[in-house]
Amino acid sequence: MSIYTRTGDQGETDLLGGARVPKDALRPEVCGTLDELNALLGLARSYPLSESVQSLAGQLQSDLFRVGAEVTAADPGALAAARIGPADVAALERAIDRCEAQLPPLRSFILPGGSQPAGVMHLARAVCRRAERRLVTLARNDPAAVSADLLAYVNRLSDLLFVLARTVTSQGGSHDTPANRAVSS
């Protein structure tokens, strides 16, 4: 099988289930942003990270394929077994709690960075927030396309990516850099 099909040469793509839509429609837009996020997690995993962070990031990459499938399914109900649900949201919350328990409490906003892998995690968080915004737009335009669990999952995922960036910073022997909230004139 060839990687190219020529079926998208006129600016359309297939949804799961066969419906054709413009490549700039909301569903492909959300999926493209999720793909960026997945690639950033892959980049983060190319750095030497702790086994727990590597494993969690790998699980998140796999989960993002489920999220993408749900978004691109012409009938999301047909994917019942693979849909994101409350257990997936709860798993993210447990991961956040585990990571936060190892970190000093936040007392101010922090600057993204800390190290290259932490910076990639911060960038992944920002891309996740964009995916969430696009998902909200899709939900507003097509409520049947986006479950409440899917919205909660992506929202919680960005929280987890923020905590993972802090974890990577801490595990690398560095500290979060507080944002200077004062503006000089």
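Where a number appears in this text, it was derived from the coordinates with a stated rule and is not lab data. All values reported here derive from a predicted model rather than from experimental measurement. Note that we place each Cβ from the backbone using ideal geometry, even for glycine, and neighbour counts take in every protein chain shown.
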Could you estimate the translational diffusion coefficient of the chain from the Stokes-Einstein equation, with Rh from the Kirkwood formula over C-alpha pairs, at 10 °C and 1.306 mPa s, in whole µm²/s? 90 µm²/s
With unit charges on the beta carbon (Lys/Arg positive, Asp/Glu negative), name the residue among THR13, LEU49, PRO105 whose Cα is farthest towards the positive pole of the charge dipole of the chain. PRO105
Using just the helices of the chain, give the 222 nm mean residue ellipticity in deg cm²/dmol: DSSP H runs with n ≥ 4 each add -39,500 (n - 2.57), and the total is spread over all residues, rounded to 500. -20500 deg cm²/dmol
Can you tell me the orientation of helix 116-141 relative to the chain, as the angle in degrees between its alpha-carbon axis and the longest Cα principal axis, to the nearest 10? 40 degrees
Counting other C-beta atoms within 10 Å, which of ARG45, ARG107 has the fewest, and how do the rest follow? ARG107, ARG45
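Sorted by packing (mean other beta-carbon atoms within 10 Å per residue), highest first, where do 29-38, 54-63 land?
29-38, 54-63
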Given the C-alpha centroids of the range 1-47 and the range 120-145, what is the distance between them in whole angstrom? 15 Å
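If packing is taken as the average number of other Cβ atoms within 10 Å across a peptide's residues, how do 151-157, 164-170, 15-21, 89-95 rank, most packed first?
Details: 151-157: 21.3, 164-170: 23.9, 15-21: 13.7, 89-95: 16.4.
Listed from highest to lowest mean packing, they are 164-170, 151-157, 89-95, 15-21.
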Per-residue Cβ contact counts at 10 Å, fewest first, order SER108, SER158 as SER108, SER158
Hey, if you put +1 on the Cβ of every Lys and Arg and -1 on every Asp and Glu Cβ in the range 1-148, which of GLY114, LEU138, ILE84 ends up farthest toward the positive end of that dipole? GLY114
Rounded to the nearest 20 debye, what is the charge dipole size of the range 26-185 about its Cα centre when +1 sits on each Lys and Arg Cβ and -1 on each Asp and Glu Cβ? 400 debye
